[in-house]
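As structure tokens, the structure follows; a few thoughts come after it.
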Amino acid sequence: MTRRLIAPGLLLALLVLIPVAAGLGAYPIPTPGVLASVLHRAGLGGDALSRVPESVLWDVRFPRIVLALLVGACLGCAGALMQGVFGNPLAEPGVIGVSSGAAVGAVGALAFGLDALGTWTVPALAFVTGLGTVLLVYALSRSGGRTEVVTLILTGIAVNAFAGALIGLFLFFADTAAVNQITFWQLGSLSQATWPKVLAVLPCAALGLTLAPLHARRLDLLALGEGPARHLGVDVERLRIVLILVVALLTAAAVSVSGIIGFVGLVVPHLLRMTAGPGHRLLVPGSALLGALVLLAADLAARTLAAPAELPLGVLTALLGSPFFFWLLRRTRRGQGGWA
């Protein structure tokens, strides 16, 4: 019964939090006013707000809320897929180099003042280099038509280190203004959210979030081990390729518009696994819902706790996520003698 209530409960929590998040901020808007404006825009009655709150709501708050939902869903779902593919509860999207690869493209664009695509230059380069890094990691770790998990992880660690060196080199050559931009981007933020950015992320997020649950049953079989999974008809190598590409798509799309936001892909699947169990039919879509909820709540806290200043979102998720993950690690080891 608890499992059946998880998805509806997460949806209900999102429906409650969205109007609350839309109303809170430097320019407060009462929740009834938010709902009335939404109903008015949808043609279902309600009344429009005056010009300023209407503009704040639809040009500032709602783009940021929708982007937080998309980025959180992408990171949460990608984390669940990574842990399933690698059979390792410590796996998260950054392991295969997609986050650091995306950071190389973004930092390079900022450091050298590239603007060939206007405001889209940084997100576009981050997306391309993120995907390219994952393909490079996979190509380097493949041998004899197969890819071993350990080799893939070690290759990802090496590529992450190389990407970090490139970022440091770009910072060395960047001017002071660019360094400030780069630092802010690396800390993670949704403060630059706009509807065009939402539309840029939406196709990649929709594709990845649609493909991910289709492989839930195969992930459950893979959890039995590679040998048993192959005997049960799972093409393990093909499954791994497809899901790594899905993870790369989801993570690169998220990182390209939000910067590096840590711990969501690592902690969210564990939170859900504690209540729903290890079955991927609920874990994969549930992680997307919970990731969206967690990131929306974290972004709300980031822009209200120190108002009128704004805390970096990536810093906030790390500050909250790392102690929680340490507690979770201790709790699981004490109760089960290791990770389940």
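Some values worked out for this structure:
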{"quantity": "Segment 196-225 - residue that is within 14 Å of G87 (Cβ to Cβ) and of a type in the set (D, E, K, R) and, of those, modelled with the lowest pLDDT", "calculated": "D220"}
{"quantity": "Pair list, Cβ < 6 Å and 6+ apart or interchain, from segment 45-57 residues that are under 12 Å from A22 (Cβ atoms) to residues that are part of a helix (DSSP H, G or I) and polar (S, T, N, Q)", "calculated": "L49/S37; L57/S37"}
{"quantity": "Meets criteria (crowded, with 19+ Cβ neighbours inside 10 Å and either under 17 Å from V246 (Cβ atoms) or at pLDDT below 80 (or both)) for V122", "calculated": "yes"}
{"quantity": "Every residue from segment 163-198 that is over 18 Å from A298 (Cβ atoms), among the aromatic types (F, W, Y) and surrounded by 15 or more Cβ atoms within 10 Å (Cβ to Cβ)", "calculated": "F170"}
{"quantity": "Sole exception among (1) hydroxyl-bearing (S, T, Y); (2) buried (at least 19 other Cβ atoms within 10 Å of the Cβ); (3) out of contact with any helix residue (DSSP H, G or I) (no Cβ under 8 Å at 6 or more places or on another chain) for T133, by number", "calculated": "(3)"}
{"quantity": "Exclusive hit being crowded, with 24+ Cβ neighbours inside 10 Å, over 18 Å from P312 (Cα atoms) and either of a type in the set (S, T, Y) or touching a Ser or Thr at 6+ places or on another chain (Cβ under 9 Å) (or both), set G97, G84", "calculated": "G97"}
{"quantity": "Check on P63, at pLDDT 85 or above and more than 23 Å from V198 (Cβ to Cβ)", "calculated": "no"}
{"quantity": "Unique match (being closer than 30 Å to S287 by Cβ and free of Cβ contacts under 8 Å to residues at least 40 places away in the same chain) among V66, V34, V95, V104", "calculated": "V34"}
{"quantity": "Per-region count, segment 270-316, residues under 18 Å from L10 (Cβ atoms) and either basic (K, R) or in a helix (DSSP H, G or I) (or both)", "calculated": "28"}
{"quantity": "Residue count, segment 36-65 (criterion: of a type in the set (D, E) and out of contact with any His (no Cβ under 8 Å at 6 or more places or on another chain))", "calculated": "2"}
{"quantity": "Scan of segment 143-153 for residues that are at pLDDT 75 or above and either surrounded by 14 or more Cβ atoms within 10 Å (Cβ to Cβ) or not hydrophobic (A, V, I, L, M, F, W, C) (or both), ordered by number", "calculated": "T151, L152, I153"}
{"quantity": "Tally, over segment 1-29, of residues that are loosely packed, with under 15 Cβ neighbours inside 10 Å, farther than 20 Å from A288 by Cα and either modelled with pLDDT under 90 or in contact with a strand residue (DSSP E or B) (Cβ under 7 Å, 6 or more places away or on another chain) (or both)", "calculated": "4"}
{"quantity": "Residue in segment 57-72 that is surrounded by fewer than 16 Cβ atoms within 10 Å (Cβ to Cβ), touching a helix residue (DSSP H, G or I) at 6+ places or on another chain (Cβ under 9 Å) and assigned to a helix (DSSP H, G or I) present", "calculated": "yes"}
{"quantity": "Qualifying residue in segment 186-198 (condition: over 27 Å from A292 (Cβ atoms) and either in a helix (DSSP H, G or I) or not polar (S, T, N, Q) (or both))", "calculated": "no"}
{"quantity": "Residue match in segment 227-238 (condition: assigned to a helix (DSSP H, G or I) and under 30 Å from S191 (Cβ atoms))", "calculated": "no"}
{"quantity": "Matching residues, segment 128-169, being within 20 Å of the chain's Cα centre (by Cα) and within 13 Å of G108 (Cβ to Cβ)", "calculated": "V128, T129, G130, G132, T133, A163"}
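The values are calculated or read from the model by the stated rules, or taken from the named source; none is laboratory data. Just so it is clear, the model here is predicted, and its values are computed rather than measured. No Cβ is skipped: glycine too gets one built from the backbone with ideal geometry, and neighbour counts run over all protein chains shown.
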